[in-house]
Amino acid sequence: MACPWLRQCRRWSANCTSTSLFETLWHCNGRAAFSTSSLGQRSWSSVPGNEGPPPALPTQIHAKTNFTTSLTRHKSQLLNPTLQPRCCRKTVHSDAKLKDPFTLAQKDLTNLYDDIRKELFVSKEELKSLCDYYFDGKGKAIRPLIVVLMARALNIHSNRSGDLIPGQRHVAMITEMIHTASLVHDDVIDGSDKRRGKSTINEVWGEKKAILAGDFILSVASMAMARIGNNTVVKVFAQVIEDLVRGEFMQLGSKENENERFKHYLEKTFKKTASLIANSCKAVSVLVNSDPEVHEIAYQYGRNVGIAFQLVDDVLDFTSGTNQLGKPSAADLKLGLATGPVLFACQQFPELHSMIMRRFSLKGDIERAWQFVFQSDGVQQTEYLAKRYGQEAVRQISRLRPSAERDALISLTEMVLTRDK
């Protein structure tokens, strides 16, 4: 029998005013459900310390924004500021520029990768080359971007200036270091030979040195955590590393029952992708505000935008070519992984069930599964699910005091949902 909430998701796709997907998902995972009859802002007066009418919801960007184009346009300003004339870095006063995530984060992300490479400095030349390999400024840098914008929005919410305190910028660096270390280890586990359009570390230097490089990056990140001097921040990042390992183990298995299988997929998605974003957002909130409810707002924004990001990634594995992704398409199927599009397609094509359980290991399984996904509405359902998580991320961040940085996080959520890379 098909999973009840999967059937419900199909009804939502046809009628978006139906019961909230999130309420059902939370119920499926044994968590307290919250009312989302409207995906608008939570009652302002229900947040301690707020009285009177709520502020207006920030205007969301509805026009489809090309995330990759935006990032490319701003990358040299963010990561290589010396390439830009000094006059080009003056404050821009137009409303559009003030809400642009990349413009707002420019000051705090300047020299990010240079500073990370300084943290990773070692005298042994080969280890240095290994560690510097992915910190070349060619990554999306989406995680430190979210962390910086969240930190600034939280500072303003907490009646401070928007400027980052040193510990918050260190959190952004640590976030990118943990993410990169996880990529190095993932590539070894998956036997991948391409990452970001170039050969992987394990392909160039071998698996043993790749594992050691990932371990070294994690150890340096841990030392940076300790220097922040906040035990809660250390605990938060320790949870991230535990989640990454648990998520990787979850990816090695599957579930026989269809309902359990989708819950397994979403939990794995949280642990492998969203936990780092959620807990990094929480870390910068801990450094500036003692209110647990504010910590939860930051965490829930990161959690929901992180899951949305991965769901879009799973869609792109079917809809984007190798040149766009910088790695082979259909990579998940080739690894034996059933992601959202396949799990939704399984509802229309039960033949996929046996393929999922044998991890697409028989000859022709990958090609047939690919065809079934495109003959079904699996891609569309996964896109819709990502949109719902994006809407919840917007609902959460909208509870903070209005600021350009808060609005930029809303804009960034839209970019995550509409990216093509």
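The values are calculated or read from the model by the stated rules, or taken from the named source; none is laboratory data. Every value quoted in this text rests on a predicted model; they were computed, and no experiment measured them. Here the Cβ positions follow ideal geometry from the backbone for every residue, glycine too, while neighbour counts run over all protein chains shown. When the accessible area is computed, the model is the full protein with side chains, heavy atoms only, and any ligands, DNA or RNA have been set aside. Shrake-Rupley method; radii C 1.70, N 1.55, O 1.52, S 1.80 Å.
Looking only at residues in the range 321-336 that are part of a helix (DSSP H, G or I) and modelled with pLDDT of 85 or more, the one that is farthest from the chain's Cα centre (by Cα) is LYS334. Applying the set (1) part of a helix (DSSP H, G or I); (2) farther than 30 Å from SER158 by Cβ; (3) polar (S, T, N, Q); (4) in contact with a Gly (Cβ under 7 Å, 6 or more places away or on another chain) to GLN381 leaves exactly one unmet item: (4). With the condition kept exactly as written, say whether any residue in the range 77-89 is more than 19 Å from LEU276 (Cβ to Cβ), at pLDDT below 90 and in contact with a Gly (Cβ under 6 Å, 6 or more places away or on another chain). Checked against the condition, which is being more than 19 Å from LEU276 (Cβ to Cβ), at pLDDT below 90 and in contact with a Gly (Cβ under 6 Å, 6 or more places away or on another chain), the range 77-89 yields at least one hit.
Of all positions in the range 209-229, at least one carries a residue that is buried (at least 16 other Cβ atoms within 10 Å of the Cβ), in a helix (DSSP H, G or I) and either at positive phi or among the aromatic types (Phe, Trp, Tyr) (or both). Would you check if SER354 is polar (S, T, N, Q) and in a loop (DSSP other than H, G, I, E, B)? So SER354 does not fit the description; no. Has the range 240-259 got any residue that is over 23 Å from the mean Cα position of the chain (by Cα) and part of a helix (DSSP H, G or I)? Checked the range 240-259: at least one residue is over 23 Å from the mean Cα position of the chain (by Cα) and part of a helix (DSSP H, G or I). Beta carbons closer than 8 Å, at least 6 apart along the sequence or on distinct chains, pair a first residue in the range 181-198 that is over 17 Å from CYS131 (Cα atoms) with a second that is open to solvent by 30 Å² or more (accessible area, probe 1.4 Å) and among the hydrophobic types (A, V, I, L, M, F, W, C) for ASP190/LEU335. Taken as a whole, the structure leaves LEU120 outside the set of residues that are in contact with a Lys or Arg (Cβ under 9 Å, 6 or more places away or on another chain) and surrounded by fewer than 18 Cβ atoms within 10 Å (Cβ to Cβ).
The residue of the range 392-412 that is surrounded by the most Cβ atoms within 10 Å (Cβ to Cβ), among those that are under 19 Å from the mean Cα position of the chain (by Cα) and more than 19 Å from ILE142 (Cβ to Cβ), is SER398. The residues of the range 338-381 that are free of Cβ contacts under 8 Å to residues at least 60 places away in the same chain, among the small types (Gly, Ala, Ser) and open to solvent by 10 Å² or more (accessible area, probe 1.4 Å), listed by number, are SER354, SER361, GLY364, SER376.
For ARG368, the requirement of being among the charged types (D, E, K, R), outside any helix (DSSP H, G or I) and more than 18 Å from the chain's Cα centre (by Cα) is not met. Residues in the range 248-269 that are surrounded by 18 or more Cβ atoms within 10 Å (Cβ to Cβ) and under 17 Å from TYR299 (Cβ atoms): LEU266, THR269. Being at pLDDT 90 or above, of a type in the set (D, E, K, R) and closer than 25 Å to VAL184 by Cβ is a property that ASP115 has.
In the range 290-309, the residue that is most open to solvent (accessible area, probe 1.4 Å) out of those that are polar (S, T, N, Q) and either over 18 Å from ALA172 (Cα atoms) or in a loop (DSSP other than H, G, I, E, B) (or both) is SER290. Could you check the range 191-206 and list, in sequence order, the residues that are surrounded by fewer than 19 Cβ atoms within 10 Å (Cβ to Cβ) and of a type outside the set (S, T, N, Q)? Scanning the range 191-206 gives GLY191, ASP193, LYS194, ARG196, GLY197, LYS198, GLU203, VAL204, TRP205, GLY206.
Residues that are more than 21 Å from VAL204 (Cβ to Cβ) and either open to solvent by 40 Å² or more (accessible area, probe 1.4 Å) or in a helix (DSSP H, G or I) (or both) within the range 124-144 comprise LYS140, ILE142, ARG143, PRO144, listed in sequence order. Return yes when LEU154 is part of a helix (DSSP H, G or I), closer than 17 Å to LYS271 by Cα, of a type in the set (A, V, I, L, M) and open to solvent by less than 30 Å² (accessible area, probe 1.4 Å) and no when it is not. In short, no. Close contacts from the range 224-237, counting a first residue that is closer than 13 Å to ARG169 by Cβ and of a type in the set (Gly, Ala, Ser) and a second that is at pLDDT below 95 and open to solvent by 30 Å² or more (accessible area, probe 1.4 Å), with Cβ to Cβ under 7 Å and a gap of 6+ residues or different chains, come to ALA224/GLU119. Among the conditions (1) touching an Asp or Glu at 6+ places or on another chain (Cβ under 8 Å); (2) at pLDDT below 95, the only one that LYS421 does not satisfy is (1).
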